[in-house]
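Accompanying notes for the structure given below.
The values are calculated or read from the model by the stated rules, or taken from the named source; none is laboratory data. Since this is a predicted model, take the numbers as computed values, not measurements. Heads up, the Cβs are rebuilt from the backbone with ideal geometry, glycines too, and the neighbour counts pull from every protein chain shown. Keep in mind that these areas ignore ligands, DNA and RNA; they rest on the heavy atoms of the full protein, side chains included. Shrake-Rupley method; radii C 1.70, N 1.55, O 1.52, S 1.80 Å.
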Amino acid sequence: MSTTSDLRPPDDSDAARAAEPTAPGGSAPQQPPAAGGVPTAGLDIASFRALAHSRLERFPRIEVPDAPGMRRAAVVLCVVPADAGELSVLVIKRAYRGRNAGQWGLPGGRMEGGETAEQAALRELHEELALPADPGDILGVLDDFPATSGFAITPVVVTMPDTAGLRPDPGEVHSVHYVPLTRLGAEDVPHWLRREDAPDGPDLLQMRLGPAMTIHAPTGAMLWQFREVVLLGSAPAEARVAHFAQPDWTRR
């Protein structure tokens, strides 16, 4: 299972697949262009850890209660140094097969019996990207997101000193992308669109991170909350996401 978002349902044609940069096979992960204006800009990984941990510790997260038929999943917002030490969060494009084929997401998946969200997040990060984070790398947890697919998704914030061991599982991950925190926090990233089917709201969020990277909820919602809480230090009441609309095709 993955949380997914994209500008439109994925095109599974050979031409569309050929246009996508791939990380499996040794090619470098791709980066959207960076932009300035984020309070966390210029921080090294240790300073970022301290700031993020402090903000997450003060954040009163909302947990979705258990309900009949509800399933639980966890994803990872993994912050790492990229080129020249610039801090970035890892975003993936799902493999062009199986569930959520070719859609944007965060490393993660369904929680197994007896697992906590943190345990599931670290397991999935290792299974999908071969990154061996441990509990000491966890900085905190954001709000559960009640996805229309029937999953309650818990975002876990993690940092790692490098991605030297990054090795995507080609069965699950088509490509890996470094999104600079400076870009994620830029003013022109969030866009809100009025929906024709619901003119009275809620509007549809698009996180426009690059020329070919527009991400909706649920992944877009979790990136937005990470931006607001961790990068910008917004008040909790101004950073809730459970009510965010999702495109119909993300229910698959």
Relative packing of peptides 178-186, 49-57 - highest average C-beta neighbours within 10 Å first: 178-186, 49-57
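Using the reciprocal of the averaged 1/r over all distinct C-alpha pairs, how large is the Kirkwood radius of segment 173-222 in Å?
Answer for segment 173-222: a Kirkwood hydrodynamic radius of 12.1 Å.
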Sulfur and carbon atoms: percent of accessible area, segment 111-252 [1.4 Å]: 50 percent
Please compute the volume of the convex hull spanned by the alpha-carbon atoms of segment 145-184 and report it per residue in Å³. 139 Å³
Short to long, in 5 Å steps from zero, the percent of alpha-carbon pairs of segment 159-252 per bin is 3, 11, 19, 21, 19, 14, 8, 3, 1, 0
Segment 121-212, Cα convex hull volume normalised per residue, Å³: 165 Å³
